[in-house]
Amino acid sequence: MTDLRQQFIEGMSRAATFVSVVTTDGEGGRHGVTVSSMTSVSADGPAPSLLICVHQQSPAATAILRNRGFCANLLADDQQQLSDIFSGRFKPAEGDRFSAVDWAPGARGQPVLARASAAFECTLTTALLCETHYIIVGAVTGVDLSERTDALLYGQRAYRRAIKL
């Protein structure tokens, strides 16, 4: 019998997804984490909404819940280093992830990463713990679009770039 978990991991590695760094700031502290699970929920309703998934043991998850807000920064195709910093693959010499990157507070005070393809500031609307991860939905309160339209992708256990066919 094959291991279902290993088959699942292998199967999901074949799905290319875009890479986002989710940041938050407020009384719960300033934190950020790289995620590959960020997607739109709806453009309709009182405000557009998006969904992220963050491991329950991540300090970023606790901070997002306490801060009641976050920013989903969609990385541009040459921002692999930012992904590595916020995923923990690369440890900045100073130890603080935010001191190693260019960022500024957005209109709602959430950290917006410089040169990200798009940044979505959100107010937390729903959080549900599902096994090991929080499924977090936010109402989008602002969108920053850069001139950089190519998103960083991750698939087959490596960073990728999208090409037009």
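Per this entry, Thr34 is counted among residues that are in a strand (DSSP E or B), buried (at least 18 other Cβ atoms within 10 Å of the Cβ), among the hydroxyl-bearing types (Ser, Thr, Tyr) and out of contact with any Gly (no Cβ under 6 Å at 6 or more places or on another chain). Selection over the stretch 115-137 of residues that are closer than 21 Å to Gln56 by Cα and aromatic (Phe, Trp, Tyr) gives a count of 1. Take Leu124 and decide whether it is under 18 Å from Ala47 (Cβ atoms), exposed (fewer than 14 other Cβ atoms within 10 Å of the Cβ) and touching a strand residue (DSSP E or B) at 6+ places or on another chain (Cβ under 7 Å). Criteria not met by Leu124.
If the condition is being surrounded by 10 or more Cβ atoms within 10 Å (Cβ to Cβ), modelled with pLDDT under 90 and either more than 23 Å from Ala158 (Cβ to Cβ) or within 17 Å of the chain's Cα centre (by Cα) (or both), then the stretch 92-101 contributes only Asp96. Considering the stretch 1-54, and only residues there that are over 19 Å from Gly142 (Cα atoms) and among the β-branched types (Val, Ile, Thr), the residue that is modelled with the lowest pLDDT turns out to be Thr2. Taking the conditions exactly as written (crowded, with 20+ Cβ neighbours inside 10 Å, basic (Lys, Arg) and over 29 Å from Asp44 (Cα atoms)), does Arg89 satisfy them or not? For Arg89, the condition - crowded, with 20+ Cβ neighbours inside 10 Å, basic (Lys, Arg) and over 29 Å from Asp44 (Cα atoms) - is not met. Within the stretch 132-151, the residues that satisfy the criterion of being of a type outside the set (Val, Ile, Thr), at pLDDT 95 or above and closer than 21 Å to Met12 by Cβ are His133, Tyr134.
Looking across the stretch 4-37, the residues that are out of contact with any helix residue (DSSP H, G or I) (no Cβ under 7 Å at 6 or more places or on another chain), touching a residue at least 40 places away in the same chain (Cβ under 8 Å) and farther than 15 Å from Phe120 by Cβ come down to Ser13, Arg14, Ala15, Ala16, Thr17, Ser36. Pairs meeting the criteria (first residue in the stretch 64-93 and farther than 18 Å from Leu128 by Cα, second residue at pLDDT below 95 and surrounded by fewer than 16 Cβ atoms within 10 Å (Cβ to Cβ), beta carbons under 6 Å, at least 6 apart or on different chains) are Asp77/Asp150; Asp77/Arg161; Asp84/Phe90.
Before we move on, is Ile135 in a strand (DSSP E or B) and out of contact with any Phe, Trp or Tyr (no Cβ under 8 Å at 6 or more places or on another chain)? Yes. Each residue in the stretch 102-111 was checked for being hydrophobic (A, V, I, L, M, F, W, C) and surrounded by fewer than 21 Cβ atoms within 10 Å (Cβ to Cβ), and 2 of them qualify. Could you please let me know if Val112 is touching a Cys at 6+ places or on another chain (Cβ under 6 Å) and either over 15 Å from Ile136 (Cβ atoms) or among the β-branched types (Val, Ile, Thr) (or both)? Answer is yes for this residue.
The values are calculated or read from the model by the stated rules, or taken from the named source; none is laboratory data. From a predicted model like this one, the values you see are computed outputs, not experimental measurements. When we count neighbours, we look across all protein chains shown, and the Cβ atoms used for this are built from the backbone with ideal geometry, even at glycine.
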